[in-house]
Amino acid sequence: MERIPILKMGSFLLVTIQVDLYDRLALNLESDLINMVSKTGARGVLIDISAVSIVDSFMGRILGNIASMSRIMDAETVVVGMQPAVAITLVELGLTLQGVYTALDVEKGMELLQKKIDLYAPQSEDEEEQSPDDYTD
Amino acid sequence: MITLTKDTMQIVREQDVVPFRNRVREYATKIGMSLVNQTKLITAASELVRNMLKYASGGKVILEIISKNAQSGVRLTFVDEGPGIENVQQAMQDGFSTGKSLGLGLPGARRLVNEFNISSTPGQGTTVTVIHWKHGR
Amino acid sequence: MDNNNTAQLLQRKKREILESWMNNQLADEALRDDLISNEELRRQSEELLEALLKAISNGNFENVYSSEYEQITDILSDVSVTRARQGFSPRETNMYVLSLKQALTDTLEQERRNQPEVLYREILMVNKLLDNLALTTFETYLKGREEVILRQTDEINEISTPVIRVWDGILALPIIGTLDSSRTQIVMENLLQEIVNTGSSIAILDISGVPAVDSLVAQHLIKTVSATRLMGAECIISGVRAEIAQTIVHLGIDLSNIKTKASLASALQLAFGMLNIEVRKAGNSRSLK
């Protein structure tokens, strides 16, 4: 059976969707990803959809599911590279992908994930304390 | 209104969805529809064809290129012989679903296309006709 | 049956009708030989006459909406839309059909000289049919003009929604005039495309130039913000005037999910903060170091 490859990069998982997904393939991707998150203990999932020309409500639901499931397992999901036409269509359709983070490209998505993870990580706390208002003196 | 090109596609399995979407794209490209309008039309078509598979286990779609008052457009007619819809008005509301979906299919599709018509007889089937004009209005 | 008779008679006299129609058209002072050549006019006329004779060959002079008349309606639509675009006046456009009426009645008059009742009935019938067709022509002529207007509106829309790159990673889009759905579409397309092109992560939508914000306009703004977010960029709305804030609250529109600022300057400041950019006077920064 056809499958979408999932790459592991450090503590992140990267999926690049290159083909129009039919339902079975999308459902496979959902379960494969969640299994990978659990197996590798990944902290973030990046889904690159820059090559996807159509996102309908089914596909939107899969993306939402992946995000919610990963969050339960302590991993954040970022969808990157959505085409303008797809974004306009999704808004018109009434689907705003609540709970899913978005970024312009993989690089920015990585940055975003890193920031989200740092935010919750204990060692970054002392940095947090001294950051604001230091330009006043 | 005159029909310039006409074709019929049988939809019986979920694997038919992607080839069907490609055919719709072919038609939309033929009349020079812009990318955003193409995406809207194909997404609407995708929603409707999924509905057809889910509730009526398939049916057929008539694809046409039509012309009216020197403007061209694509007309899609989805015909199934499924259980039909008891309350069409209710089915057209956002968030209503008898299945487990988001309930965006019918109302979302209506928002994406220029003209939308639905008629249904319980026990006999449902026919949905959508038209999207080249310039999207 | 009588109608069939008339149709056959007209079919027989096709050549003469075409000649007399052409003469009528060429003689009329409304002829625009600067816009259309005589050969082109003849070709158009011949095509229409042929289609008309075919349509009436079954004796249907009444129902111009039936399938027999489809071809005629198409030809007429085509002719009048083209003429509307080329700048023909309504009179000049309609003259085309009305002069055919003259040619048809002239022919009938000659042929039925000895049967006044038949002539009377036939002329009434032909008149009614051609009047109908003239109305169709006029209708599509108007549609053609509307299309011209629509196209111009599109062009104005295109011009009036510039996307400005104010800083590395920050776009600004001043909206001037009313924001309707087709305008929103263009704004969204331009903005999102520019976000992709420049890789910007913040877009500022300045609505100082929007005269009023009602619930529909607000909905369009919310849509634009949502689409921007789906792409992975953040959207700030600036230029919210006091009266706009008032109407928004009175209408019960929820903008709490959207970052709003009173001026473009403060929106820019917010954007700098979000991107961790610091901007200060050169003298000041030197003295600090």
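Miscellaneous remarks
- Take each residue in B:19-28, count the other chain C-beta atoms within 10 Å of its C-beta, and the mean is 1.
- Counting DSSP beta bridges with both ends in the stretch A:6-121, the antiparallel % (nearest 5): 25 percent
- Chain B: proportion of alpha-carbon pairs further apart than 18 angstrom, %: 51 percent
- DSSP beta bridges fully contained in the protein assembly as shown are about 60 percent antiparallel.
- At R0 = 56 Å, FRET efficiency that the Cβ-Cβ distance of B:Lys6 and A:Ser68 yields, to 0.05: 0.80
- Surface burial for C against A, with a 1.4 Å probe and both sides summed, reaches about 1400 Å² of accessible area.
- Residue-averaged beta-carbon neighbours from other chains (10 angstrom radius) around A:46-57: 4
- Helix C:2-12 axis, angle to chain C major axis (alpha carbon atoms, nearest 10°): 90 degrees
- Of the GluC sites (Glu not before Pro) in the stretch C:133-162, not one is in a loop by DSSP (not H, G, I, E or B) with at most 13 other beta carbons within 10 Å.
- Computed FRET value (nearest 0.05) for C:Gln110 with C:Asn4, which takes r as the C-beta separation and R₀ as 22 Å: 0.65
- When the Cα atoms of the stretch C:57-213 are aligned to their principal axes, the ranges along those axes come out at 89, 28, 27 Å in descending order.
- GluC sites (Glu not before Pro) restricted to DSSP loop in the stretch C:217-289 with at most 16 other C-beta within 10 Å: C:Glu278
- Each residue of the stretch C:187-199 was assigned a 3J(HN,Hα) from its phi angle through the Karplus expression (A = 6.51, B = -1.76, C = 1.60, θ = phi - 60°), giving 4, 4, 4, 4, 5, 5, 4, 5, 4, 5, 4, 9, x Hz with x at Gly and Pro.
- Amide H partners (placed H, <5 Å) of A:Asp48, local residues excluded: A:Val15, A:Thr16, A:Ile17, A:Val80
- Solvent-accessible area of the protein assembly as shown (1.4 angstrom probe, protein heavy atoms only): carbon and sulfur portion equals 50 percent.
- With Cα atoms, 0 to 90° folded angle of helix C:264-274 axis to chain C main axis: 60 degrees
- Applied to the stretch C:65-75, the Karplus parametrisation 6.51 cos²θ - 1.76 cosθ + 1.60 on θ = phi - 60° returns per-residue 3J(HN,Hα) values of 8, 6, 5, 4, 8, 4, 4, 4, 4, 4, 4 Hz, with x for Gly and Pro.
- Residues in the stretch C:46-79 reached by a label modelled at B:Lys68 [backbone nitrogen below 15 Å; 7 Å Cα→Cβ]: C:74
- Taking a sphere under 15 Å around the Cβ of C:Ser238 and counting the other residues whose Cβ falls inside, with K and R at +1 and D and E at -1, yields a net charge of +1.
- Between C:Ser266 and C:Ala212, the C-beta separation translates, for a Förster distance of 25 Å, into a calculated FRET efficiency of about 0.70.
- Taking the C-alpha atoms only, the angle from helix B:35-56 to the longest principal axis of chain B is near 30 degrees.
The values are calculated or read from the model by the stated rules, or taken from the named source; none is laboratory data. Note that the structure is a prediction, hence the values are computed from the model and not measured. As a convention, Cβ positions derive from the backbone with ideal geometry for all residues, glycine included, and neighbour counts pool all protein chains shown. Accessible surface areas use protein heavy atoms only, side chains included; no ligands, DNA or RNA. Shrake-Rupley method; radii C 1.70, N 1.55, O 1.52, S 1.80 Å.
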